[in-house]
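> A single structure is presented below for examination.
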Amino acid sequence: MGERPVVTPSAGITPVQQMLASGTGALLTSVFVTPLDVVKIRLQAQKTPFYQGKCLLYCNGLMDHIYVCQYGASCTSWYKTPTHFSGTLDAFVKITRNEGVRSLWRGLPPTLVMAVPATVIYFTCYDQLRDLLRYGMGFQGNYIPLVAGGLARLGAVSVISPLELVRTKMQSQKLTYSELRVCIRSSVAQDGWLSLWRGWGPTVLRDVPFSALYWFNYELVKAQLCDQYDVSQATFSISFTAGAISGAVAAIMTLPFDVVKTRRQVQLGEMETLGVPVKNPTSTWHIMRGIWAESGYRGLFAGFLPRVIKVAPACAVMISTYEFGKIFFQKMNLDREQQAC
């Protein structure tokens, strides 16, 4: 059987169209995963009541956000209702019945403000870097997605990290924009510009390996599925399946870094909220050794099932929507060219 021509996914579309496709994917992924985390937070609050100044981590599969408990047990509408839940399904039913369907999407606006720009930067940079390495510089091999994915995530994290710190400060300290400007200037004067990237290290240690592994496995699984079904371009179902598998594998392999990052984020958020001076952060490896001494290897893989359950479908929805969007723009551009001829 003759060799099938390879279709470049990003060929024939502009960077702006790539941004539109990735932005749509981020929007749909946030809408899909947000209810899962709202339920998780409500169940978590039921087991362990939150005290004033307590922080919790909210993640919609694309971005992590710190939410701050300002007024004890009734500090936020996410977990102020005293309804008792017996499990995840029961929580979905009771929240919908007693508080309305819209309550399952609380916290979506701040997610979209941060997640959509970050995802647009990340996915567009990946495609551009992959094509530059493969077609512009002539590199070949399966390592191309690994390198492009890692570099794209590094760039996205570096751009978004100061914005996330600013958002956390505004939320935890209830600052106005003018007060926030003074606060940032004071922080920069005291600790330097690098203080705006506090927490960048643990984020990079988790997100860059995750992205490198994700794209490496995604391109590999997608190519194998295309060969298996004898198609030259990935269908929606192939992209969805490859995204879910590669997302699950990457999530499992980087879970220890996710545990460390979660602990670091919550500690920094609570110190900011309580007005405690932020000390020089403990190294990632020191935190890992502490977790190992405290809980063994199980501590480094805490939250294994919830993370996989959340990340795998989020990756599947995101990448399949993104690929579908790119194919849509390819066909639209091709039709325009044919009509112009």
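> Does Ile160 satisfy being out of contact with any strand residue (DSSP E or B) (no Cβ under 8 Å at 6 or more places or on another chain), open to solvent by less than 40 Å² (accessible area, probe 1.4 Å) and either in a helix (DSSP H, G or I) or within 20 Å of Gly12 (Cβ to Cβ) (or both)?
yes
> Still on this model: Regarding the range 107-122, can at least one residue be identified that is loosely packed, with under 14 Cβ neighbours inside 10 Å, more than 28 Å from Asp258 (Cα to Cα) and at pLDDT 65 or above?
Within the range 107-122, none of the residues are loosely packed, with under 14 Cβ neighbours inside 10 Å, more than 28 Å from Asp258 (Cα to Cα) and at pLDDT 65 or above.
> Next question, about the same structure. With modelled with pLDDT under 80, within 27 Å of Thr29 (Cα to Cα) and surrounded by 18 or more Cβ atoms within 10 Å (Cβ to Cβ) as the only criterion, which of Gly199, Gly150 stands out?
The conditions single out Gly199.
> Of the residues Phe324, Phe257, Phe328, only one is surrounded by fewer than 17 Cβ atoms within 10 Å (Cβ to Cβ) and at pLDDT 70 or above; which?
Within the list Phe324, Phe257, Phe328, the selection yields Phe328.
> Mind checking whether some residue in the range 132-144 is of a type in the set (Lys, Arg), more than 14 Å from Gly25 (Cα to Cα) and in contact (Cβ under 8 Å) with a residue 24 or more places away in the chain?
no
> Just a yes or no: is a residue in the range 126-138 under 22 Å from the mean Cα position of the chain (by Cα), open to solvent by 40 Å² or more (accessible area, probe 1.4 Å) and modelled with pLDDT of 75 or more?
yes
> For the range 241-253, check the following and say yes or no: at least one residue is open to solvent by less than 30 Å² (accessible area, probe 1.4 Å) and at pLDDT below 85.
No; the residues of the range 241-253 include none that is open to solvent by less than 30 Å² (accessible area, probe 1.4 Å) and at pLDDT below 85.
> A further question on this structure: Among (1) modelled with pLDDT of 85 or more; (2) surrounded by 20 or more Cβ atoms within 10 Å (Cβ to Cβ), where does Met19 come up short?
Only one criterion in (1) modelled with pLDDT of 85 or more; (2) surrounded by 20 or more Cβ atoms within 10 Å (Cβ to Cβ) is unmet by Met19, namely (2).
> Let me ask something else about it. Can you find even one residue in the range 218-234 that is within 16 Å of the chain's Cα centre (by Cα) and at pLDDT below 90?
Scanning the range 218-234 turns up no residue that is within 16 Å of the chain's Cα centre (by Cα) and at pLDDT below 90.
> Looking at the range 170-179, can you tell me whether even one residue there is at pLDDT 75 or above, in contact with a Gly (Cβ under 7 Å, 6 or more places away or on another chain) and assigned to a helix (DSSP H, G or I)?
no
The values are calculated or read from the model by the stated rules, or taken from the named source; none is laboratory data. No experiment lies behind these values; they were computed from the predicted model shown. We place every Cβ from the backbone using ideal geometry, glycine too, and count neighbours over all the protein chains shown. Just the protein is used for accessible areas: all its heavy atoms, side chains included, with ligands, DNA and RNA removed. Shrake-Rupley method; radii C 1.70, N 1.55, O 1.52, S 1.80 Å.
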